[in-house]
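Taking it in order: structure first as structure tokens, then the write-up.
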Amino acid sequence: MRCPACDHVNPPGADECERCQMPLSTLDLPQPQGPVETSLMTDTVMVLQPRPPVTIAADAPLGAAMQAMVQHKVGALLVTDPQGVLIGILTERDFLLRIAGTADYERHLVRDYMTPQPETVQSSDILAVALARMDAGGYRHLPVVHNGQPVGVISIRDVLRHLTRFCME
Amino acid sequence: MDQPVLPGGGRPPDAVARELSRNLRVDSVSRLGPTPALTLDADALVRAAVETMRAGRSGCLLVTSGGRLVGLFTERDLLTRVLAVGRSLDIPLREVMTPSPTTAEWHEPLRIAIRRMQEGGYRHLPIVDSTGRPVGVLSARQVVHYIVEHFPAVVFNQPPDPRQFPEAPEGA
């Protein structure tokens, strides 16, 4: 890697220039190229305008959870403790994989079917972080958390809409 | 002072975005290798659909009649049209499916397929051949992954937790 100050050629990945000791490690950070990368690296997840979270208590019955998902037209409920701290997530997928066909499931409790400690993003996280987590985990919804409290949910459709704004014209 | 030579430099700033824009026009739906569709006949029971979707680990099932695509049944439909309204799992799919879903053809450009997904707010787009026979499903997740692959450096180089730093420098 070429030192930007003295033009000395250093081995790739060098932390500082061998000749002038200028720190080089920041040059290894990815540099945004073009509008999409700039947005991915400088916009926070809030640019997606996360929809307000629909929350439910862990000891609520699944019947109430279903009604909340239908009424609010959401595919995921955030499960919170009495202090409002996020402790789990309950999605349409859980109804398909584990709940449909179970006898009297309406009276079963959310806590027995939710995914505990779901992957989240902070409201200050950049888009690239959210995207890396969604893509790696295959998640369709990511709760947005501020000080442990859920403040929103971003969905894969929000991401797709944002990304294609730059390249569909 | 001269502009520092950046890793991967030499590409004009907009190159990646323009390349993506071009690829979306040039690449066809088949480029993403849509997952083979789970299909069931419209007379099959919702119970069978649930078992098929569980076994195939998919939230989306294509409903056919005489081999032709006539509907779509998703986990959302299961929740809102069956479970939440207290219907039995022993009813035929045709009563609760979404009939005549929007589709794309195998050879159509990706941007057309993506636009259709967005206009309808769909997470899944059935892919059919020229005779209307279902050959796959394109999911929003696959599209996002395809787009992300154009920007590997900024997405995949993110540390698992950007707020976390080692307590001591390496080797100390």
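For the range B:94-111: of the residues being within 14 Å of another protein chain (Cβ to nearest Cβ) and more than 17 Å from residue B:122 (Cβ to Cβ), which is least open to solvent (accessible area, probe 1.4 Å)?
B:96
How many residues, within the range B:19-34, are open to solvent by 30 Å² or more (accessible area, probe 1.4 Å) and not in a helix (DSSP H, G or I)?
2
Under 22 Å from residue B:142 (Cα atoms) and out of contact with any strand residue (DSSP E or B) (no Cβ under 7 Å at 6 or more places or on another chain), is that true of residue A:104?
Answer is no for this residue.
Does the range B:64-82 contain any residue that is within 30 Å of residue B:147 (Cβ to Cβ), acidic (Asp, Glu) and either buried (at least 18 other Cβ atoms within 10 Å of the Cβ) or at the interface with another protein chain (Cβ under 9 Å from one of its Cβ atoms) (or both)?
yes
Please go through the range B:60-86 and give me each residue that is farther than 18 Å from residue B:104 by Cβ and in contact (Cβ under 8 Å) with a residue 60 or more places away in the chain, ordered by number.
Of everything in the range B:60-86, just one residue is farther than 18 Å from residue B:104 by Cβ and in contact (Cβ under 8 Å) with a residue 60 or more places away in the chain, namely B:67.
In this structure, does residue A:135 turn out to be more than 30 Å from residue B:51 (Cβ to Cβ), of a type in the set (D, E, K, R) and within 13 Å of chain B (Cβ to nearest Cβ)?
no
Yes or no, residue by residue, for (1) touching a Ser or Thr at 6+ places or on another chain (Cβ under 8 Å); (2) farther than 28 Å from residue A:99 by Cα; (3) at pLDDT 90 or above:
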{"position": "B:64", "(1), (2), (3)": "yes, no, yes"}
{"position": "B:72", "(1), (2), (3)": "yes, no, yes"}
{"position": "B:80", "(1), (2), (3)": "no, no, yes"}
{"position": "B:83", "(1), (2), (3)": "no, no, yes"}
{"position": "B:87", "(1), (2), (3)": "no, no, yes"}
{"position": "B:95", "(1), (2), (3)": "no, no, yes"}
{"position": "B:99", "(1), (2), (3)": "no, no, yes"}
{"position": "B:105", "(1), (2), (3)": "yes, yes, yes"}
{"position": "B:112", "(1), (2), (3)": "no, yes, no"}
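Can you work out which of the residues in the range B:35-54 that are part of a strand (DSSP E or B) and not acidic (Asp, Glu) is surrounded by the most Cβ atoms within 10 Å (Cβ to Cβ)?
Result: B:40.
The values are calculated or read from the model by the stated rules, or taken from the named source; none is laboratory data. Because the structure is a prediction, the values reported are computed rather than measured. Backbone-built Cβ (ideal geometry, glycine too); neighbour counts: all protein chains shown. Surface accessibility is based on the protein's heavy atoms, side chains included, excluding ligands, DNA and RNA. Shrake-Rupley method; radii C 1.70, N 1.55, O 1.52, S 1.80 Å.
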